[in-house]
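**Student:** To start, I am sharing the structure in question, which I have written as structure tokens.
Since every read-out is calculated from the coordinates, none of them should be taken as a lab result. The shown structure was predicted, so the numbers you read here are calculated from the model rather than taken from an experiment. Neighbour counts are summed over all protein chains in view; Cβ atoms, including those assigned to glycine, are modelled from backbone coordinates with ideal geometry.
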């Protein structure tokens, strides 16, 4: 027995998620997208997972050998950046923010809460998406103690104490 995709999404919108911008470098091409399907996987080796829809441009790039990616964890004051990477044209996504290449060459947002610079460790097809496991090669925490950007019930939220 299975539920509809709409019922599935309706249930999951009640689960809060942190918001990241995943940036990647494939050859000379850079790209980025807003991703809430991100998780820590293992401390040894240091692995994270990002889950990308097969229809997205990033998917085709992540399938190329040698592609690297970074997970930029956003602060609650970075809603505009999240929206830009979710909705803007590719060439406009990197227009704002302070970007620099990480150890692998993937672009990282210097004023993100934190970032993780990764090489692709494994790829696992999963329905309409692919799970990419990244081995973390470098990281930085620029804004320790500040609240993250959270997405819940189809909107951005703030943490309160």
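**Student:** Mind listing just one residue for me: the one in the stretch 138-149 that is in contact (Cβ under 8 Å) with a residue 40 or more places away in the chain and part of a loop (DSSP other than H, G, I, E, B) and, of those, surrounded by the fewest Cβ atoms within 10 Å (Cβ to Cβ)?
**Tutor:** Out of the qualifying residues, it is 146.
**Student:** Evaluate the following for residue 35: is it touching a residue at least 40 places away in the same chain (Cβ under 8 Å) and on the phi < 0 side of the Ramachandran plot?
**Tutor:** Criteria not met by residue 35.
**Student:** Looking at the stretch 78-93, which of its residues are out of contact with any helix residue (DSSP H, G or I) (no Cβ under 8 Å at 6 or more places or on another chain) and surrounded by fewer than 22 Cβ atoms within 10 Å (Cβ to Cβ)?
**Tutor:** 79, 80, 82, 83, 86, 87, 88, 89, 91
**Student:** Please work out which one of (1) surrounded by fewer than 19 Cβ atoms within 10 Å (Cβ to Cβ); (2) farther than 16 Å from residue 36 by Cα is the condition residue 152 fails and give its number.
**Tutor:** (2) is the only condition that residue 152 fails.
**Student:** Here is a follow-up. In the stretch 17-32, which residues are touching a residue at least 12 places away in the same chain (Cβ under 8 Å) and surrounded by fewer than 12 Cβ atoms within 10 Å (Cβ to Cβ)?
**Tutor:** 27
**Student:** Within the stretch 1-16, which residues are in contact with a strand residue (DSSP E or B) (Cβ under 8 Å, 6 or more places away or on another chain) and either without any contact (Cβ under 8 Å) to a residue 40 or more places away in the chain or surrounded by 10 or more Cβ atoms within 10 Å (Cβ to Cβ) (or both)?
**Tutor:** Correct list: 13, 15, 16.
**Student:** Still on this model: From the residues in the stretch 43-77 that are more than 19 Å from residue 118 (Cα to Cα) and more than 14 Å from the chain's Cα centre (by Cα), which one is surrounded by the most Cβ atoms within 10 Å (Cβ to Cβ)?
**Tutor:** Step by step, filter the stretch 43-77, then rank; the result is 76.
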